[in-house]
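Report on the structure given below.
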Amino acid sequence: MAKLSEEQEMLRDMAQNWVRGESPVGAWRKQRDADTVAGYDSAVYGEMAAMGWTGITVAEAHGGSDFGWMSLGLVVEECAKTLTASPLVACAIAARAIALGGTDEQKAKYLPAIASGELVATIAVDEGPRHDPATITSKVADGKINGTKAFVAEGDSAGLFVVAATDGLYLVEDGAGVTKSRRQMVDHRSHAEVRFDGAAADKLTGGGDGLLDRVLDHARILTAAEMLGMSQQAFDQTLEYLKQRVQFDRILASFQALQHRMADLFGDIELTRSAVEAGLGALDSMGDNGDLGQIAAIAKARANDSLHRMSREMVQLHGGIGMTDEFDAGFYLKRARPLEAAWGNSSFLRDRFARLGGY
Amino acid sequence: MASLAEPSPSAEALDAFRIEARDWIAAHFPPALKGVDMSRSALEGPSDKSADKEAWRIAMGEKGWGTPTWPQRYGGGGLSDAEARVLQQELARAGASNPIGGMGVMMFGPTLLEFGSEEQKMEHIPRICRAEVRWCQGYSEPNAGSDLANLQCFAEDKGDHYIVNGQKTWTSGGQWADKCFALVRTDKSKKQGGISFLLIDMDAPGVEVKPIKMISGLSPFCETFFTNVAVPKTNRVGDEGQGWTIGKRLLQHERTNISGGRMGGGVSLSELAKACVGTDAEGRITDGELRARIAKLEMDGRAFAATAMRVAQEGGVSVASSILKINGTKLMQERSELLIDILGMQGLGWEGEGFTNEQIEAVRVWLFGKATTIYGGSTEIQTNIVAKRILGMPDMG
């Protein structure tokens, strides 16, 4: 665990208490069973906004607290432990794109609304089922955008899209020329197909050529923080189960084979924690971000691999009970895979890491 | 199960048999069923009873070719292993699926043939060969999972019958089954030695079945409750206290079956990856890591198939079933993971628009497949069996 400031510790404890008290996994189960298009409860997101979480990475001038990415990462990690559904991650990334590339007018128009939780925003980048920002074909002409974005996170409830087009990022409000189609996925969260037919598009002119990559690196690191929270919870819960489940007249945790497996998983998740914290720290120290691409690739690839493994081990080590819908393990497994695919699976990220390293 | 000891038919005899099988299939297999997988119908039962399917089931059942190597005297095909392979090839050639299956064929039948009395074999085997009775397995209990011998479901001796009380769980196909082969406790003073093997009618008074919803959204398993269920002693297979020995043998059949079947089937991962990910000028999948993973899975899959064949040739079902189960289920799970990985987000649909039936099926199979390393004796238990019974490594003192 990174060395936290007193304020950060308070924030983390507050998030922990809120999640445990107000948003346990049972809340997600209800949300899942309710099967809504948005995939989350807007009243819950309202509560998060009231606690100031929606503005943690937004500048004070625009209604946020500018408390930083490490701080937001702490909140995201805690929320992920109980699979709390909300557009918190998507909004923070979209807001970052606007902060990095927007004009003062654009920032003033959208950032306060995102920071207050009134406006749900998200980035719309990929056009196919696999992350591949090199193949974008969405095109803007005369301020109108045409193209179809696939599996847009929180796309069903978003009022504002930050859309990657062939020549940069554009802001597109939901409305005329925007068609959303729900996709019911294994994690029961929102991953909409969003079609733009001549919708008004307002370009983010700042941020230079590397804007999309920088925004995606933010997405990779914050998503990795979410995945870290899930891995940690899956691990903690499994360890607890092994310590109480009795077979062959002894607790399962007393079997050396299982001890070694858990010790190995523990170390694996610790390495991932370091990588994620390094990523969040790099976002906070901005300015010098020459290495951000590699740092983000490490964080997300490690989070992918740790969660992939831990989500499987959680089911396996719980045995039959882990296979039942009544138990929570399946939720982690089902949420893990869409997150693994988002913003680059591990082979994509390893390839990116190598390219950035010049090999 | 035919053994290696029986004389192999000559090449000429096999050729003649091939003609016979081909002609018989041509005469009896309804062309409308070409390519239709009927392997699950025996387990799930009456959901689909089209005339063609019924006709094919009856024809195969009467011929005994659904259980080709079982003795003719009990309704089996009486074929040698070599003939059964030829039959399998001819069925595949015609696009015909074997409609005789389920737990009766895969697990219970072979075990009853080995341990059952003559009366029991005459009563049950022919009906398994004709897929007239669906069997389910009453083994696990809430506190008897990996430690199966800890089972508590009790059969009290009442002279000519038992009164059974207790709960079973993970009863595969319990909601569709006509009969259950169950491990019950007849003696509380001995762990393994107090277990007996009973055959219980699922429609007997006091049997209650509750489906369990799984993470895949399906409910192929049930909780089964026995409350004062009367079971005649003639329904006990083997002696009292012999249940553990019989039950373990049945598990070896189960493991061999779990590990086998689905490895070869399904779409080609490499073709799918070429289409979804793309290829370079030389036709190689552009994602090098994915390409290597597919190659590794295919290479390991071939080595696994060769191992399964070697085990069969070296004497059928044995402790080697543990090695097959460990590796077969691991490969199946890896295949499922690779499949959804190749499809990306498109491989993660749950229902509704935007996904093909095959894509949604792949997700359900991926999720349900996580059970294969748990049921039938978990991978951890199989690993113990290999260490102790094959390698002779002692228990911790």
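Points worth noting:
- Partner chain coverage, peptide A:178-191 - average Cβ within 10 angstrom: 4
- Computed on chain B, the Cα convex hull volume stands at 174 Å³ per residue.
- Residue ranking by accessible heavy-atom surface, 1.4 Å probe, largest first, among A:ARG355, A:ARG12 comes out as A:ARG355, A:ARG12.
- Within-12-Å neighbourhood charge of B:ALA320 [Cβ basis; K, R +1; D, E -1]: +3
- Cα gyration tensor, the stretch A:121-203 - rounded (a/c under 1.5), prolate or oblate: oblate
- When every Cα-Cα distance of the stretch A:211-356 is counted in 5 angstrom steps from zero, the calculated P(r) takes the values 2, 10, 19, 19, 16, 12, 9, 6, 4, 2, 1, 0 percent.
- 1.4 Å probe, heavy atoms, protein only - residues of the stretch B:193-220 losing at least 10 Å² accessible area vs chain alone: B:ILE212, B:LYS213, B:MET214, B:ILE215
- Amide H within-cut-off set for B:GLY238, under 5 Å, with H built and near neighbours excluded: B:SER117
- Residues losing 30 Å² or more accessible surface upon assembly, the stretch A:120-168, compared with the chain by itself, 1.4 Å: A:PRO129, A:ARG130, A:PHE151
- Couplings for the stretch A:238-243, taken from phi via the Karplus curve 6.51 cos²θ - 1.76 cosθ + 1.60 with θ = phi - 60°, read 5, 4, 4, 5, 4, 7 Hz in order; Gly and Pro are left as x.
- Cβ neighbours within 10 Å from other chains - mean over B:347-358: 5
- Accessible surface of the protein assembly as shown, 1.4 Å probe, proportion on carbon and sulfur as whole %: 52 percent
- Net charge of the neighbourhood of B:ILE215, taken over other residues with C-beta under 9 Å away and scored Lys/Arg +1, Asp/Glu -1, is +2.
- Taking all C-alpha pairs of the stretch B:11-100, those more than 22 Å from each other amount to 23 percent.
- Computed over chain B with a Gaussian network model linking Cα atoms closer than 10 Å, the most mobile of B:PHE197, B:PHE181, B:PHE29 is B:PHE29.
- Residue-averaged beta-carbon neighbours from other chains (10 angstrom radius) around A:319-330: 6
- Accessible-area ranking of A:PHE255, A:PHE67, largest first, probe 1.4 Å: A:PHE67, A:PHE255
- A:THR205 - accessible surface, heavy atoms, 1.4 Å probe, Å² rounded to 10: 100 Å²
- A Cα-only calculation for the stretch B:260-390 places Rg and Dmax at 16.8, 52 Å.
- Calculated SAXS-style log₁₀ I(q)/I(0) at q = 0.15 Å⁻¹ - chain A, Debye, Cα scatterers: -1.34
- In the A-B interface, the accessible area buried, summed over both sides, Å² (probe 1.4 Å): 3500 Å²
- Over the protein assembly as shown, accessible surface divided per residue gives 42 Å², non-protein components excluded, 1.4 Å probe.
- Ordered from highest to lowest accessible area with the whole protein assembly present and a 1.4 Å probe, B:ILE19, A:ILE136 read as B:ILE19, A:ILE136.
- For peptides A:273-280, B:381-388, sequence by mean Cβ density within 10 Å, most packed first: A:273-280, B:381-388
- Cross-link pairs A:LYS300/B:LYS296; A:LYS3/A:LYS30; A:LYS243/B:LYS210; B:LYS233/B:LYS388; A:LYS30/B:LYS188 - those with Cα-Cα distance over 32 Å: A:LYS3/A:LYS30; B:LYS233/B:LYS388; A:LYS30/B:LYS188
- Solvent-accessible area of A:HIS318 with every protein chain in place, 1.4 Å probe, in Å² to the nearest 10: 10 Å²
- Among B:ILE163, B:ILE200, B:ILE125: highest mean-square fluctuation, GNM of chain B, C-alpha pairs under 10 Å: B:ILE163
- Summary of packing: across the peptides A:108-117, A:70-79, the per-residue average of other C-beta atoms within 10 Å ranks them, highest first, as A:70-79, A:108-117.
- Convex hull per residue volume in Å³, alpha carbons only, for the protein assembly as shown: 187 Å³
- Helix A:292-318 and the longest principal axis of the Cα set of chain A meet at an angle near 40°.
- Buried on assembly, the stretch B:286-310 (at least 50 Å² less accessible surface than by itself, 1.4 Å probe): B:GLU289
- Whole-Hz Karplus values for the stretch A:320-337 come out as x, 4, x, 8, 8, 5, 5, 9, 7, 4, x, 4, 5, 4, 6, 7, 4, 5 Hz, taken residue by residue from phi with 6.51 cos²θ - 1.76 cosθ + 1.60 and θ = phi - 60°; glycine and proline positions read x.
The values are calculated or read from the model by the stated rules, or taken from the named source; none is laboratory data. The shown structure was predicted, so the numbers you read here are calculated from the model rather than taken from an experiment. Note that we place each Cβ from the backbone using ideal geometry, even for glycine, and neighbour counts take in every protein chain shown. These accessible areas exclude ligands, DNA and RNA; they are computed on the full protein's heavy atoms, side chains included. Shrake-Rupley method; radii C 1.70, N 1.55, O 1.52, S 1.80 Å.
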